[in-house]
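Derivation of every value follows stated rules applied to the coordinates shown; laboratory data play no part. Since the structure is predicted, the reported quantities are computational estimates derived from the model, not experimental observations. When we count neighbours, we look across all protein chains shown, and the Cβ atoms used for this are built from the backbone with ideal geometry, even at glycine.
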């Protein structure tokens, strides 16, 4: 998808197309089959990326902010909509470098670590160009998730998940037990 140096930056870059939540929210598990969670970099766009050849400077200027995010999706469904939770700390692209930053995901206290790849903006540029060429350009307001630098973790009902990326901060969410919610509603 991108040139060789940029490939490690995104394992599966995609435009977030599920439901967005704010850090600290409780996220329902019921629409997800065999759910997994990853910690990712969220690129929020402030400008459309739809004009022919997209230069790196143009892509950088289109990024309104970066934030740490949790992504919850069904196993084996990278291309399908996924719910995501964006952390409270929003930083300008020039205010932080995530290239090589340590990433951690904790599920009920058990941690896994990894590193954000390098050249993340080059991967964003490649995705933006691919979307534009396909006639579905990235638009202001879109959130692009970087792909998980840490292996995905299974989400069980009631799980409390915390994601951290050095320089971006942390985000946390609890994933609701759909059975408990339906029992309370009865």
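Tabulated values for the structure
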{"quantity": "Length added when fully stretched, residue 33-residue 115, from 0.36 nm per residue minus Cα-Cα", "calculated": "26.8 nm"}
{"quantity": "Estimated translational D of segment 71-172 in µm²/s (Stokes, Kirkwood radius over Cα pairs; 20 °C; 1.002 mPa s)", "calculated": "141 µm²/s"}
{"quantity": "Computed FRET value (nearest 0.05) for residue 97 with residue 134, which takes r as the C-beta separation and R₀ as 30 Å", "calculated": "0.50"}
{"quantity": "Peptide ranges 150-163, 88-101 listed from the most packed, as the mean C-beta count within 10 angstrom indicates", "calculated": "150-163, 88-101"}
